[in-house]
Amino acid sequence: MELLSENARKILQERYLIKDAAGRSKETPEELLLRVAKTVAQAEKKYGSQQGVEKWEREFFGMMSNLDFLPNSTTLMNAGTGYGQLSSCFVLPVKDSLSGIFQTLRLAALVQQKGGGTGFNFSELRPSGDHISQSGGQSSGPVSFIRVFDFAAEHIRQGGKRRGANMGILNVDHPDIFEFIRLRTEGKRLKNFNLSVGISDSFMKALEANADWNLINPRTGKSVRMVKSGVLWSELCEQAWLSGNPGLIFLDTINAANPVISIGEIAATNPCGEVPLLPNESCNLGSINLTKFVKTVEAERTELDWKKLGETVEKSIRFLDNVLDINKFPSESISKASLANRKIGLGVMGWAELLIRLGIPYASVDAISLAERLMSFIQEKSLKASSRLGIERGSFPNWEKSVFFPDQPMRNATRTSIAPTGTISILADTSSSVEPLFALAFQRKNVLNGETLQTINPLFLEMLKSERLAEGKILDQVISSGTCTHIKELPGKFRELFRTALEISPEWHLRHQIAFQKFTDNAVSKTVNLPSDSTIGDVDQLYRQAWELGAKGITVFRNEAGDQQLLYRGIKS
Ligand code: ADP
């Protein structure tokens, strides 16, 4: 595994390699990947011969050790260890009763203990101050229960591997919506929750017409208050501008693409938003490292290796489908819901780096057309691969109730999803997900031990060398600012290619999200970065545009706005 960078080794050592009681690693990075490949290939036994197991073990090991593909962190951590929870993403239902709420909290604790992230929609809970018949008292409402969940997550350190990640959602017609919107900036700080407002098309239409909007008590189904849609919206945009929260999830857009709508409507996503799921469903993810699919066709000219990409997509879909069969789910309810639809999410990482290698600036129409071409290719190949697996292994159990019935066999109700790849992109030593480069030099804070890892983008160094540019003076400037757009010694094209997230306008961020979303079954996790001088009006405009253009959700992040910025531009000595 000479391909592994120093940062990758550090992370593997700290969190992924199996350790003995004294904290010494019991495996090398190669052995880790072999453990994962062997375990995932075991699923072949259920469907075929021992020969299949060996063949797929080799194939899976090959694509992981080459860093062409990596599964989500939980699979790397847990496969073959006896813990066996391999999915990163869960959605749990929250019912309107004290025992229901605490049953869910218990389950969330079990999921988080093994490294999974949980999403919840709290909208079924009666509002604060509402009547409780059993005690004759008054309910404390969804917002206070979110605080309980946050407090619990803080104390579940997930076996020292990760702190809890949660998504808390409240629908825009809930009477406690104003309190929810202010949750991130008022009172004690929430540490482990992303917040999103569940938005309906009818709200967006009310907003366009500047109409009144009813807040409805979910217990009685009756309106308790009317508010101006514009007032609610302005408050929401202001809070997002201040803290990056809440984001939005567009529930009607999500359900229009729900392949098993007859089973139920989707009300929530996992923590980073890339997987809308039914209550109790989970989803396991994996991502293709796009930088491994560039080939040189003539001296100097590079293009995408579509053939190799197609083959890797097919193998990755098989890998992720296998993971479902060897997964040990944390409860019977989660096992039942997850295996009924067999959802998986194949995505990409290294998109920004790929564009640089192909000489295409991120903020350009060429990048957007390549994004669409690339993701439609991956989506089509994923669909075909899952359909073939449907013939080979049988379609997912709810298939007869799905949009695929009766014409197309299908193994997995969904197949693609663009995850943030926060950790696995560091393991693969590439840019994360479909995000632009955040900075050319940065320090990354390890949330667990507070240590900082320092990095200068290796691709930047490589390209400087190949262009025979004088390194010394340029690097000093890059190190102090994290960017190169102001460095006059660099050719214009070079500066254009290496533009960083904050030097790319929010519109271009959104256009990339939409281009990938068009061809992704689940959703796209994307942060739209806003410069620090952007206004509440900018957030307002972006949020509206996101809905109009068909995003399933949106999150903005204003530079230096929030309190959880883990990446710092420039290395400060
Ligand atoms: P990775 O790179 O570690 O595989 P991602 O950054 O792609 O993970 O995140 C994928 C999903 O994993 C998230 O949407 C979330 O559901 C879950 N996840 C990420 N970080 C955490 C965390 N610290 N704790 C629990 N779940 C997490």
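The values are calculated or read from the model by the stated rules, or taken from the named source; none is laboratory data. Since we're looking at a predicted model, the values are computed, not measured. All Cβ positions, glycine included, derive from the backbone under ideal geometry; neighbour counts span all protein chains shown. Accessible surface is based on the protein model in full, side chains and every heavy atom, while ligands, DNA and RNA are left aside. Shrake-Rupley method; radii C 1.70, N 1.55, O 1.52, S 1.80 Å.
Return yes or no: is Trp233 in the same structural domain as Asp96 (by TED's automatic domain parsing) and either among the charged types (D, E, K, R) or in a helix (DSSP H, G or I) (or both)?
Against the criterion (in the same structural domain as Asp96 (by TED's automatic domain parsing) and either among the charged types (D, E, K, R) or in a helix (DSSP H, G or I) (or both)), Trp233 qualifies.
Out of the residues in segment 170-228 that are buried (at least 20 other Cβ atoms within 10 Å of the Cβ) and β-branched (Val, Ile, Thr), state the one that is farthest from Ser525 (Cα to Cα).
Residue satisfying both the conditions and the ranking: Ile177.
Have a look at Ile356, Ile334 and point out the one that is over 22 Å from the mean Cα position of the chain (by Cα), more than 18 Å from Leu510 (Cα to Cα) and surrounded by 18 or more Cβ atoms within 10 Å (Cβ to Cβ).
Exactly one of Ile356, Ile334 is over 22 Å from the mean Cα position of the chain (by Cα), more than 18 Å from Leu510 (Cα to Cα) and surrounded by 18 or more Cβ atoms within 10 Å (Cβ to Cβ), namely Ile356.
Name every residue in segment 251-282 that is open to solvent by less than 20 Å² (accessible area, probe 1.4 Å), closer than 21 Å to Ile146 by Cα and more than 13 Å from the ligand (Cβ to nearest atom), in order of residue number.
Ile266, Leu278
Please go through segment 466-517 and give me each residue that is closer than 22 Å to Phe442 by Cβ and of a type in the set (Val, Ile, Thr), ordered by number.
Hits for segment 466-517 are Ile474, Val478, Ile479, Thr483, Thr485, Ile487, Thr500, Ile504.
Name the strands (runs of 3 or more DSSP E) wholly inside segment 280-341 in which the number of residues that are over 18 Å from Ala419 (Cα atoms) is 3 or more.
Correct list: 294-298, 301-304.
Could you list, in sequence order, all residues of segment 388-425 that are more than 23 Å from the chain's Cα centre (by Cα) and within 25 Å of Lys552 (Cα to Cα)?
Hits for segment 388-425 are Phe396, Asn398, Trp399, Lys401, Ser402, Val403, Phe404, Phe405, Met410.
Residues of segment 15-44 being surrounded by 13 or more Cβ atoms within 10 Å (Cβ to Cβ) and farther than 16 Å from Thr81 by Cα, which ones?
The answer is Glu44, and nothing else.
Hey, can you tell me all the residues within segment 112-128 that are within 16 Å of the ligand (Cβ to nearest atom) and not in a helix (DSSP H, G or I)?
Result: Lys114, Gly115, Gly116, Gly117, Thr118, Gly119, Phe120, Asn121.
Got a number for residues in segment 528-541 being in contact with a strand residue (DSSP E or B) (Cβ under 8 Å, 6 or more places away or on another chain), assigned to a helix (DSSP H, G or I) and surrounded by fewer than 21 Cβ atoms within 10 Å (Cβ to Cβ)?
Selection size over segment 528-541: 1.
Is it the case that Ala108 is assigned by TED's automatic domain parsing to the domain that holds Lys308 and either touching a helix residue (DSSP H, G or I) at 6+ places or on another chain (Cβ under 9 Å) or at pLDDT 95 or above (or both)?
no
When segment 388-418 is examined, which residues are found to be small (Gly, Ala, Ser), open to solvent by less than 20 Å² (accessible area, probe 1.4 Å) and away from the ligand (no atom under 16 Å from the Cβ)?
Those that are small (Gly, Ala, Ser), open to solvent by less than 20 Å² (accessible area, probe 1.4 Å) and away from the ligand (no atom under 16 Å from the Cβ): Gly390, Ser402, Ala413.
What is the one condition in (1) touching a Lys or Arg at 6+ places or on another chain (Cβ under 8 Å); (2) modelled with pLDDT of 95 or more; (3) in the same structural domain as Lys328 (by TED's automatic domain parsing) that Pro71 does not satisfy?
Result: Pro71 passes all but (1).
When segment 386-403 is examined, which residues are found to be of a type outside the set (Phe, Trp, Tyr) and farther than 17 Å from Ala43 by Cα?
Ser387, Pro397, Asn398, Glu400, Lys401, Ser402, Val403
Of all residues in segment 404-418 being aliphatic (A, V, I, L, M) and assigned to a loop (DSSP other than H, G, I, E, B), which is nearest to Pro259 (Cα to Cα)?
Looking at the filtered set, the residue picked out is Ala413.
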